[in-house]
Amino acid sequence: MPTLRNKDEMNETQTAIAQRIANAAREGNTEDFELGLQDLFQNINDQILASAQSVGANADAAVLARRGVRQLTNEESKFYNTFIEAARSNKGNPMMALTGADKTFPTTIIEQVMEDMQQSHPLLAAVDAVNTTGLTRFIINKDGVPTIAYSVKGTDGATVNDDVTITGAATWGDVTAAVEAELTSGFETIDLGQFKLSAFMPIEEAMLDLGPAWIDSYIRTCLSEALSIGYEIGIVTGSGHNMPIGMDRSVADDVTVTAGVYPRKDKIAITDLNSDTYGNLIAQLAKTQTGKPRAVSNLVMVVNPFDYFKLIMPGTTVLNANGTYVNDVLPYPTQVIQSIAVPQGEAELGMAKRYFLGVGGSKGIQFSDDYKFLDDKRYYKIVAYANGRPKDNNAFLRLDISGLKPKYLKVQNVTA
């Protein structure tokens, strides 16, 4: 068993590793990205082993629950026992054993992973995340009117239901082609050809010795952290080429898409977050890309963690009458979210629910012979599917906050 580090140190290290992974993804550095994932999984491995060592082998369910080790269903226990047996196998073909295990990969594990991600990553909880397993198309309304539409394919690939139901605005008067065209003009169909997000996860012999409950904790944590980094990169700055379209990209009707890549929006430079500055920004969100007015709600400002403490916190913190500092004070209700996916010096401001994230199924865990770095480890491939994009081009603004100044209380003398 490796030498275990302090838990606080491991958590700090995990944050730093996640930032390295995000930087490598933005730079297109595949080698650094993969090395970052290896370090991330090793850090999670050390945390799980440390927790297991501290509670001992005979800990009851209540003690395990406090450590994030949940009670498994019968189906999950059966799956993990099969997985452990296959992982230990030095005879026969472990690939075949794991292929059999994949067929029984419980959907409850993926559901728990999604819940874990949304609890620890506010950005994933804020956007409009939809389970699109079985869906082939999704219709959105660029003008902001609630809508749902889909077609479902059966297990044989045939279309079961191709009906499209749209709920839109209503008008009084004769039904004419002009009115009908007006009602349908704001709708756009998203092809849910979902993109693959994958990573290699190492499992040591020492981890297998801990049993199904701890294996579940390790796999869920690896899935949650690796996938959440990938999802956040896609949501914030995805290029659209084999990945989602990010908040910082233009999805205007007349945008020029080159080789599947959507261009980034121009940055809007701001030096303060006073009411007039902030109001002018929000006013740009209060009209759809077709020029129709709309209410602004679910407002989020997504910033890099470094910039939050260096720029946003000083620019949004006030001292109240009780002598207490209050953070994230903005002229309009806004949730400030820290994300490593945002480049330093930038911020994304917009309506979170106007970002669509379609999350599909998972292939579970697949054995791989491609990675054999150490004799006491085997590497397994984890795969998930997702697609996403802003619902309209006016839903998000790309800000330049590099020149943001601290917030000071303004005092003005007036004649009585």
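Computed from the coordinates by the stated procedures, all read-outs in this text should not be read as laboratory data. Computed from a prediction, not measured in an experiment: that's the story for all the values here. Cβ placement follows ideal geometry from the backbone for every residue including glycine, while neighbour counts extend to all protein chains displayed.
Hey, which of these cross-link pairs are over 21 Å Cα-Cα: K287/K391; K265/K287; K265/K310; K196/K265? Walk me through the intermediate numbers first.
Values: K287/K391 13 Å; K265/K287 17 Å; K265/K310 24 Å; K196/K265 25 Å.
In this structure, K265/K310; K196/K265 lie more than 21 Å apart at Cα.
Taking the Cα atoms of the range 268-329 alone, what are Rg (to one decimal) and Dmax (as a whole number) in Å?
14.4, 47
Which residues' amide hydrogens lie under 5 Å from the amide hydrogen of M201, considering only partners 5 or more residues apart or on another chain, with H built in the peptide plane?
Y380, K381, I382
Could you give the nm distance between label points at V326 and V55, where each point is 7 Å from its Cα heading toward the beta carbon?
4.0
Principal axis lengths of the range 219-334 from Cα atoms, whole Å, largest first?
55, 47, 24
Using the per-residue mean of other Cβ atoms lying within 10 Å as a proxy for protection, in what order, highest first, do the peptides 296-305, 22-31 fall? All intermediate terms of the calculation are to be shown ahead of the outcome.
Working: 296-305: 21.2, 22-31: 14.7.
For the peptides 296-305, 22-31, the packing ranking is 296-305, 22-31.
What is the set of long-range amide H partners of N394 at a cut-off below 5 Å, with H atoms built 1.01 Å from backbone N?
Those qualifying (amide H under 5 Å, at least 5 residues apart or on another chain) are Q289.
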